[in-house]
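See structure below.
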Amino acid sequence: MVHGIIIAIHRYIDDYGWSWNMARRLINRAFHTQFTEAELKTLYRQ
């Protein structure tokens, strides 16, 4: 599941140019998680 989340983060931020807030909301909705923006940024850097 984490691999899919990382792929989604890169797609939303790099490919689509969306904001972190938008990416966070979509990822939390799609994967039924409750990530904060800081937690997503940590996953993004991995």
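Just so it is clear, none of the values below were taken in a lab; they were calculated from the coordinates. What you are looking at is a predicted structure, and each value in this text was computed from that prediction instead of being measured. Glycine also receives a Cβ, built like all others from the backbone with ideal geometry; neighbour counts cover every protein chain displayed.
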**OP:** Give me the pairs, please: first residue somewhere in segment 16-38 and at negative phi and in contact (Cβ under 8 Å) with a residue 40 or more places away in the chain, second residue anywhere and exposed (fewer than 11 other Cβ atoms within 10 Å of the Cβ) and assigned to a helix (DSSP H, G or I), beta-carbon distance under 7 Å, and either six or more positions apart or on two chains.
**Re:** none
Subject >> Selection within segment 30-46 - loosely packed, with under 11 Cβ neighbours inside 10 Å and under 14 Å from GLY4 (Cβ atoms) >> reply: HIS32, GLN46
**OP:** Considering only segment 3-15, state which residues are more than 9 Å from the chain's Cα centre (by Cα) and surrounded by 10 or more Cβ atoms within 10 Å (Cβ to Cβ).
**Re:** GLY4, ASP14
